[in-house]
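Everything below concerns the one structure shown next.
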Amino acid sequence: MTAKAAPDLRFERGLPASLDAERTILGAVLLDNAAYAEASAKLAPEDFALTAHQRVFRRMGDIITRRQQCDIVTLSETLGKHKEIESVGGVAWLASLTEGLPRRLSIIDYVAIVLDKAMLRQLIGIHSDAITRAADQSEEAESILSSARSAIEALSSQRVETGLQLAAEYLASESLTAAAMMDRTAKDRGIQSGITDLDTMTCGLQRGELVIVAARPSMGKAQPVTAKVLTPRGFVPMGCVEPGFEIVGRDGRPYHVTAVFPQGDQAVFEVLFSDGTKTRCTEDHLWWTQTRNERRRGMGGSVKTLRDIRRTLVRPDSATSPNHAVPLPAPIEFIPHVQRLLLDPYVMGVLLGDGSFSMGQGARFSKPDVSVHDLVRSRLHPDDELSVCSDGETCIISSRKKGQRRSVAFRALAEYDLLGHKSTGKFIPLDYLRASVSERFALLRGLIDTDGHVNGCGNTIELSSSSRVLATDILNLARSLGLRVSEADRIPTYSAPDGKKCGARNYRLRIWADDLELLVSSEKHLQRVRRKTKVRRTHKAVVAISHVGREVCQCIKVDAPGGLYITDDFIVTHNSDFADNLAGNVALNYGKTVALFSPEMDKYSVLARIVCARGRVDRGHWKSGKLTSEDRRYFADALEELKTAPLYINDCSSPTVSRIRSESMHLKARAGLDLLIVDYLQLMSAADFGKVFNREQEVAKMSGGMKRLAKDLGVPVVLLAQISRENTKRTDKRPVLSDLRESGAIEQDADVVAFLHREEYYERENKDHKGKGEIIIAKQRNGAVGTVHAAYNAVIGRWSDTQPDEATEFQMGFNKW
């Protein structure tokens, strides 16, 4: 005999219900816990007709949420703890739920039946309430009618139009083409208020918007810690970098590290460039590169991850030709080690290039070019003298002069520990490698004038040295001046017929430059320089990427233009990037499945904001229907891209934690889930937590529920929240943790707390703050805290890691960014 649940007198009057369908759903969950995700995505406990069924479904959710197996034993135990086991009919009734059911059962049709009956009961309730109020005759008829209409519309919106929906499906179902979304009529622009300036700014009072007028409105990579980063005093290990450090940007100037983010042990890849330079980074590290396609389209380039570069390493029309080129840095502005060099840098270059210096014979170099002789003579100290031997080539700077122990040149060579070294032991003193830009250029010209050679095509310069140290120093010198330089094949010694070794083992270097005339001064070289050439000298190509193991890594944020800084071998790389318009970026750029709950805006508004930000379209132009032809093209392109994105949107009002949980789990089981975003906490409902005594407890329960949901889903959950106005009472308006509104539990539950701050909002007349923003990481459970400087474009509603005028350099494929 089948056990019966406790009677429910509410249904003696024949309210719509399908008790068999409800029992089937409960039994199916007991047989296969995976069915709960499908049921809970559509049904809440209150949708069941019987109170016993409601209690059982709620306790099933509690058990499965704890990642426990839900069966007769665990379910009866849980009901017993809440003193509900007897009210539902006992263990025997629970066991009867699975009688006659197959092991695998599709419950879609049963869920639809239960949901339909629940809506009918709610409709009866709404009309019964209206009838009771009308019979009482204590209210105006219009008030009762308006209340009933609002309740029915809310029920329709909640039951019919809510739920996570793929953006492309919504666009198709609503026939929202690019033309339809762009062509907004005067009616669409809202109700005119009669105040021209207000209507112009707001485009009228929009349908569905709550407009509040008040006195005061409310307001995304790493390198190994052993990698080198360039500071104004030279290279230092990445692991030594801290907030406040000065790091050299692409323009050669120093900038500050605003934040450091430890990344732990990561897979590391080595990146090899066409000039032989190399560095290491993670696969998600950012690079600014220009592909062949971008160059053909006249685009400056774009920011890409190393993973993207690996995927498109060679050109589509070639099996070997490199596809990505990175820019060279501008000449580096070092902080000099000394105030004054002891020997003129051009003279030092001449002596290092083709000179010899011993303790007693003086410093010698051989060069038949008279222009070089004259340059050296003009740059020597007045007390030193240069003599040319009878062969017209050999020049001697004497070691002594009458009345002096040693010449100034010799004292300098001795101070730099160069005297007595053979050609294989030459090197560039550190003072010269860290000298000013003009002094380093003079040093390089001296090296080239005596030991360099302009090749036959007249577009490159070659140098050779028998000193490995000197060759390396010249490489670093040229790269610090923003020149493209590579090491050619080593010239080996060779054997003469008599068996003796002849020739010197030389290291050959090759230099490219936009203007070779800046690098040479001898008349002989200038005659060979080709004035115009098609060789690209301002970039170098990525030729190979290989996995080299795992290392401890960290990411840094630098306030340099474009976010570019200098790493190993004077390579230009990119720092941490903040993902503005998070849902659109994650879904569009990386193909990740994103669920967005937006109780503040409807799907149409959410999609329009994402499209405007993606296509860099002025939201004011879109809202007022005044899009330019260029705006229309970018808007249409962005909309087409959005149609392929795995972005799911729910725009129900006041969602509960349980509803967010149910729909997210159902989506994860059906299509996968990578990121959950809820905008925002204060618009959520705590109805599923029962009775609460104040708003602080309510927010605390919702915050804790979202924390547990993040753990259960195993994906990041981004929860937007409001802050209080306490920051406006301080001189420094930057928010702090205590400004989190309505509950301290938000800070306690969060793993990361980030504040968005714009000084421009408080000081609108100060042009220095225009377009600038800060992302303040105030708490990070497993990492560092700090401030990330960013840019905010209020016109299109987009956060970025560069200033708007600089962002135009980083083209993003289909649009003008």
Original post:
With (1) in a loop (DSSP other than H, G, I, E, B); (2) modelled with pLDDT under 75; (3) of a type outside the set (Val, Ile, Thr) as the list, and Gly773 as the residue in question, which single condition is left unmet?
Top reply: (1)
Original post:
Going by the conditions given, is Leu582 touching a Lys or Arg at 6+ places or on another chain (Cβ under 9 Å) and either at pLDDT below 85 or of a type in the set (Gly, Ala, Ser) (or both)?
Top reply: no
**OP:** Could you please find all residues in the range 7-30 being aliphatic (A, V, I, L, M), modelled with pLDDT under 90 and farther than 16 Å from Asp116 by Cα?
**Re:** Leu9
**OP:** State which residue is farthest from Leu97 (Cα to Cα) when the search covers only the range 19-76 and only residues that are of a type in the set (Gly, Ala, Ser) and assigned to a loop (DSSP other than H, G, I, E, B).
**Re:** Ala41
Subject >> the range 97-116, residues that are open to solvent by 60 Å² or more (accessible area, probe 1.4 Å) and not β-branched (Val, Ile, Thr) >> reply: Glu99, Gly100, Pro102, Arg103, Arg104, Ser106, Asp109, Tyr110, Asp116
Original post:
If you scan the range 531-558, which residues turn out to be surrounded by fewer than 17 Cβ atoms within 10 Å (Cβ to Cβ), modelled with pLDDT of 65 or more and of a type in the set (Val, Ile, Thr)?
Top reply: Thr538, Val548, Val552
Subject >> Some residue of the range 325-338 being part of a loop (DSSP other than H, G, I, E, B), among the small types (Gly, Ala, Ser) and modelled with pLDDT of 85 or more >> reply: yes
Original post:
Within the bounds of the range 34-48, is there any residue that is more than 49 Å from the chain's Cα centre (by Cα), crowded, with 16+ Cβ neighbours inside 10 Å and either within 19 Å of His666 (Cα to Cα) or at pLDDT 90 or above (or both)?
Top reply: no
**OP:** Consider only pairs whose beta carbons are under 7 Å apart and that are at least six residues apart or on different chains; among these, list those whose first residue lies in the range 660-685 and is under 19 Å from Ser40 (Cα atoms) and whose second residue is of a type in the set (Asp, Glu) and open to solvent by 20 Å² or more (accessible area, probe 1.4 Å).
**Re:** His666/Glu38
**OP:** May I ask you to list the residues in the range 652-670 that are open to solvent by less than 40 Å² (accessible area, probe 1.4 Å) and not hydrophobic (A, V, I, L, M, F, W, C)?
**Re:** Pro655, Thr656, Arg661, Ser662, Glu663, Ser664
Subject >> Cβ pairs under 9 Å, 6+ apart, first in the range 80-92 and on the phi > 0 side of the Ramachandran plot, second surrounded by 12 or more Cβ atoms within 10 Å (Cβ to Cβ) and among the hydroxyl-bearing types (Ser, Thr, Tyr) >> reply: Gly89/Ser96; Gly90/Ser76
Original post:
Does the range 244-260 include one or more residues that are surrounded by fewer than 18 Cβ atoms within 10 Å (Cβ to Cβ) and farther than 23 Å from Arg434 by Cα?
Top reply: no
Original post:
Does the range 218-236 contain any residue that is assigned to a loop (DSSP other than H, G, I, E, B), open to solvent by 60 Å² or more (accessible area, probe 1.4 Å), under 30 Å from Val752 (Cβ atoms) and modelled with pLDDT under 70?
Top reply: yes
Original post:
Within the range 559-572, is there a residue that is in contact with a His (Cβ under 7 Å, 6 or more places away or on another chain) and either at pLDDT 70 or above or open to solvent by less than 10 Å² (accessible area, probe 1.4 Å) (or both)?
Top reply: yes
Original post:
Mind checking which residues of the range 446-462 are assigned to a helix (DSSP H, G or I) and buried (at least 24 other Cβ atoms within 10 Å of the Cβ)?
Top reply: Gly446, Leu447, Ile448, Asp449
**OP:** Test Gly615 against the criterion of being at pLDDT 70 or above and surrounded by 18 or more Cβ atoms within 10 Å (Cβ to Cβ), and give yes or no.
**Re:** yes
Subject >> Test set (1) buried (at least 20 other Cβ atoms within 10 Å of the Cβ); (2) in a strand (DSSP E or B) - Ile309 fails condition number >> reply: (2)
**OP:** Just give me the residues in the range 737-750 being at pLDDT 70 or above and open to solvent by 60 Å² or more (accessible area, probe 1.4 Å), in sequence order.
**Re:** Ser738, Glu747, Gln748
Subject >> Number of the condition not met by Ser465 [criteria: (1) among the polar types (S, T, N, Q); (2) modelled with pLDDT of 80 or more; (3) open to solvent by 20 Å² or more (accessible area, probe 1.4 Å)] >> reply: (3)
Subject >> Residue that is modelled with the lowest pLDDT, among those in the range 129-184 that are acidic (Asp, Glu), loosely packed, with under 14 Cβ neighbours inside 10 Å and assigned to a helix (DSSP H, G or I) >> reply: Glu153
Original post:
Going by the conditions given, is Val718 closer than 26 Å to Arg661 by Cβ, modelled with pLDDT of 75 or more and among the hydrophobic types (A, V, I, L, M, F, W, C)?
Top reply: yes
Original post:
Out of the residues in the range 693-706 that are within 29 Å of the chain's Cα centre (by Cα) and surrounded by 18 or more Cβ atoms within 10 Å (Cβ to Cβ), which is nearest to Ile746 (Cα to Cα)?
Top reply: Ser703
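The values are calculated or read from the model by the stated rules, or taken from the named source; none is laboratory data. What you are looking at is a predicted structure, and each value in this text was computed from that prediction instead of being measured. Note that we place each Cβ from the backbone using ideal geometry, even for glycine, and neighbour counts take in every protein chain shown. For accessibility, only protein heavy atoms count, side chains too; no ligands or nucleic acids. Shrake-Rupley method; radii C 1.70, N 1.55, O 1.52, S 1.80 Å.
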